[in-house]
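Worksheet for the structure shown next.
The values are calculated or read from the model by the stated rules, or taken from the named source; none is laboratory data. Since the model is a prediction, treat every value here as computed from it, not as a measurement. All Cβ positions, even for glycine, are placed from backbone atoms using ideal geometry, and neighbour counts span all protein chains on display.
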Amino acid sequence: MTKELNFEETAAKYPEFPRLIMLKIDIHRRGVYYTQNALDAVDPEKHQTGGTHIFGTRDGKLTSRPEAFVLRDGTSVLTTPTPPENDPYVVDRIGGKLMVLDKGKELEEIFYWDKPDYYGKRTSTGVLMQNIAAARPQRLYITPNRFCHFWNDGGGCKFCDIVNNLKQQRQEIEMQTRLSPQDVSETIKEALKEPGRFSAVFLTAGSDFHGEKPFDKEVELYIEILKAIGENFEEKKFPSQILCTALPRDQLKRLYDETGITSITMDIEVLNERLFNSICPGKAKWIGYKEWKRRLIDAVAIFGWNRVGTGIVSGVELVPPFGFTSEEEALEAVLREAEDLASHGVSTVNMIWIPRSGSPYGKEKNASLEYYVRLAWGLQALRRKYGLEIDFDDYRRCGNHSDSDLARGF
């Protein structure tokens, strides 16, 4: 069995790969632990703290900790607090500076995210605005519905903890399952009072197969919320992205024609039909792997080239006993499927799989750093090859995808 390379060994093997982006990948992969000194450095009046994300943490705790931080080149790192016994990176305050450490070695100075001005304010109905729209680097992140109906009959994706996290959020931080259009409109209006802070709006929600036709209810909710957002813009179309279930052509057309949406992402999660069926049983039952891909390609005809994407939760394809038995085999298979999509105008982005305590895969182990480095490199190479820009989901607007960080040098 080949020895897994650590961060410094991987950096030495791939010197052409940006070191800080590689560090971001490894922080996502291993998680982070905040010392009490680091937590004491959080200024609640200034810094953005966690709790509003649709997914939970590795340690299962919902408490006021930094939502994210930036590295010295501006790279944003969304963090997942992790128990110290799981060997995470450590954030500590040393000599007045916040530092990332690995086994006691100081690696990089980091800076907590500043929270936007609307955080802490409430809508006219009394809802905290930060629970309506969370902030990413330059993007407002809105979750109209936090419940995924695939979980109704045990069809939830095995890496996902959306329902367990929602239950915890409702108990502890006033989180609503479903947002009202009025609250959303008021929050967007308030957020836009901070000039230059945001350049796009993003929506995502749990899947809802109800309606006269499957997913009509989900589509109706998105249309309702997008129209409320649009009340704050003079033009019909505004910089925006929706991450939703793979919808058929007629529903996609409704979304595009009736709202201000400009780009769409429909996460396939796993780029392999056999593993898709096993890991995402709800998606397999209601749509199916081949149909999901076909709907992604259909979306290009409606939204346009460079306006359609899909996401994968990379690493779950290696989970035993059904996953690929080697990282080399997995990498080849994933990039082959990603290229098929890219050749039709669909870009694939990589979410590094975080084994979250509230998910069925919570005790499994994710892939090696080297695997994720090669995958990020491969996905960005495909975008270059097929002329696919990713500005609707890049490092400025999202900050979560290590491969789209590489788009800086597109």
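Numbers at a glance
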| read-out | value |
| --- | --- |
| Of the criteria (1) within 30 Å of Phe322 (Cα to Cα); (2) modelled with pLDDT of 95 or more, which one Asn164 fails | (2) |
| Contacts under 8 angstrom Cβ, first residue in segment 205-229 being within 16 Å of Ser180 (Cβ to Cβ), partner of a type in the set (Ser, Thr, Tyr) and part of a loop (DSSP other than H, G, I, E, B), 6 or more apart | Ala205/Thr143; Tyr222/Thr259; Ile223/Thr259; Leu226/Thr259; Lys227/Thr259 |
| Check on Lys217, closer than 22 Å to Tyr118 by Cβ, of a type in the set (Lys, Arg) and part of a helix (DSSP H, G or I) | no |
| Enumerated helices (runs of 4 or more DSSP H) restricted to segment 250-311, each holding at least 3 residues that are of a type in the set (Phe, Trp, Tyr) | 289-303 |
| Which listed residue, of Leu39, Leu98, Leu71, is in contact with a Leu (Cβ under 8 Å, 6 or more places away or on another chain) and at pLDDT 90 or above | Leu71 |
| Residue match in segment 397-404 (condition: more than 20 Å from Lys283 (Cα to Cα), among the hydrophobic types (A, V, I, L, M, F, W, C), in a loop (DSSP other than H, G, I, E, B) and over 19 Å from the mean Cα position of the chain (by Cα)) | no |
| Residue check, Ser207 at pLDDT below 95, more than 15 Å from Ile132 (Cα to Cα), touching a helix residue (DSSP H, G or I) at 6+ places or on another chain (Cβ under 8 Å) and of a type outside the set (Phe, Trp, Tyr) | yes |
| Candidates Arg58, Arg29 - the one that is part of a loop (DSSP other than H, G, I, E, B), crowded, with 19+ Cβ neighbours inside 10 Å and in contact (Cβ under 8 Å) with a residue 12 or more places away in the chain | Arg58 |
| Close pairs from segment 130-142: first farther than 15 Å from Leu226 by Cβ, partner part of a helix (DSSP H, G or I), Cβ under 6 Å, at least 6 apart | none |
| Looking only at segment 1-25, and only at residues there that are among the aliphatic types (A, V, I, L, M) and either touching a Cys at 6+ places or on another chain (Cβ under 9 Å) or part of a loop (DSSP other than H, G, I, E, B) (or both), the one that is surrounded by the fewest Cβ atoms within 10 Å (Cβ to Cβ) | Met1 |
| Residue that is surrounded by the most Cβ atoms within 10 Å (Cβ to Cβ) [pool: residues in segment 103-129 that are free of Cβ contacts under 8 Å to residues at least 24 places away in the same chain and not in a loop (DSSP other than H, G, I, E, B)] | Arg122 |
| Among the candidates Ile264, Ile287, Ile279, Ile312, residue that is touching a residue at least 12 places away in the same chain (Cβ under 8 Å), in contact with a strand residue (DSSP E or B) (Cβ under 8 Å, 6 or more places away or on another chain) and closer than 26 Å to Glu224 by Cβ | Ile264 |
| Residues within segment 354-367 that are within 23 Å of Leu23 (Cα to Cα), out of contact with any Ser or Thr (no Cβ under 8 Å at 6 or more places or on another chain) and surrounded by 18 or more Cβ atoms within 10 Å (Cβ to Cβ), tallied | 2 |
| Yes/no for Thr63 being crowded, with 20+ Cβ neighbours inside 10 Å, over 17 Å from His401 (Cα atoms) and at pLDDT below 95 | no |
| Single residue of Ser343, Ser278, Ser314, Ser326 found to be small (Gly, Ala, Ser) and under 20 Å from the mean Cα position of the chain (by Cα) | Ser314 |
| Leading residue by the ranking (nearest to the chain's Cα centre (by Cα)) among those in segment 71-118 that are over 19 Å from Asp40 (Cβ atoms) and hydrophobic (A, V, I, L, M, F, W, C) | Leu78 |
| One residue from Arg396, Arg374, Arg408 being surrounded by fewer than 23 Cβ atoms within 10 Å (Cβ to Cβ) and free of Cβ contacts under 8 Å to residues at least 24 places away in the same chain | Arg408 |
